[in-house]
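The values are calculated or read from the model by the stated rules, or taken from the named source; none is laboratory data. On a predicted model such as this, the values are computed, not experimentally measured, just so you know. Note that we place each Cβ from the backbone using ideal geometry, even for glycine, and neighbour counts take in every protein chain shown. All accessible areas refer to the heavy atoms of the entire protein, side chains included, with ligands and DNA or RNA removed. Shrake-Rupley method; radii C 1.70, N 1.55, O 1.52, S 1.80 Å.
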Amino acid sequence: MPIMTTTTALTTQAEQALDQSYAKFKSEQLTLDKSQLFENADQIFAMKEIEAATRQYLFDDEIAQQVIKLDAQVLPTMYQKGQEGEFLKLNFTGNDIRWLLGLPRTHHRQRGSK
């Protein structure tokens, strides 16, 4: 499947949902005092990483559709899913994003025996 270099309407709609979800999260953080912000530092960092990584995979129609479906709750939902799995990654793959969105993984690689 070739990587699309043009932005589709679906991708644009998903970007808007992602932007709204991240803006909502940021505005909620701005209501907190300094000590609460410090306590939330891990969450703030994780949300930014999830947002940035998800944006890179919006060309995948299933990912884009799920982002649109979850709308303003997309990032909190993905963060909660990550917390349930007790993980924090710095390098998200498309399959990581799919998992955080509750979608099945794709393109499983099989390693040959040596």
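Restricting attention to the range 40-58, does a residue exist that is polar (S, T, N, Q), modelled with pLDDT of 95 or more and exposed (fewer than 11 other Cβ atoms within 10 Å of the Cβ)? No: zero hits. Of the residues making up the range 86-110, those that are surrounded by 15 or more Cβ atoms within 10 Å (Cβ to Cβ), in a loop (DSSP other than H, G, I, E, B) and at pLDDT below 90 number 1. Residue count for the range 41-53 under the criterion of being over 14 Å from M78 (Cβ atoms) and either in contact (Cβ under 8 Å) with a residue 12 or more places away in the chain or more than 18 Å from the chain's Cα centre (by Cα) (or both): the result is 2. The condition of being of a type in the set (S, T, N, Q), assigned to a helix (DSSP H, G or I), open to solvent by 70 Å² or more (accessible area, probe 1.4 Å) and in contact (Cβ under 8 Å) with a residue 40 or more places away in the chain holds for only one of Q65, Q83, that being Q65.
Put simply, of T54, T31 the only residue that is of a type outside the set (A, V, I, L, M) and in contact with a helix residue (DSSP H, G or I) (Cβ under 9 Å, 6 or more places away or on another chain) is T54. Consider the range 68-80 and keep the residues that are open to solvent by 50 Å² or more (accessible area, probe 1.4 Å) and under 13 Å from W99 (Cα atoms). The one that is modelled with the lowest pLDDT is Q80. Taken over the range 3-25, the criterion of being modelled with pLDDT under 95 and either basic (K, R) or outside any helix (DSSP H, G or I) (or both) is satisfied by I3, M4, T5, T6, T7, T8.
Every condition in (1) small (G, A, S); (2) at pLDDT below 90; (3) in a helix (DSSP H, G or I) holds for S113 except the one numbered (3). Flag: Q83 does not match the condition of being polar (S, T, N, Q) and at pLDDT 90 or above.
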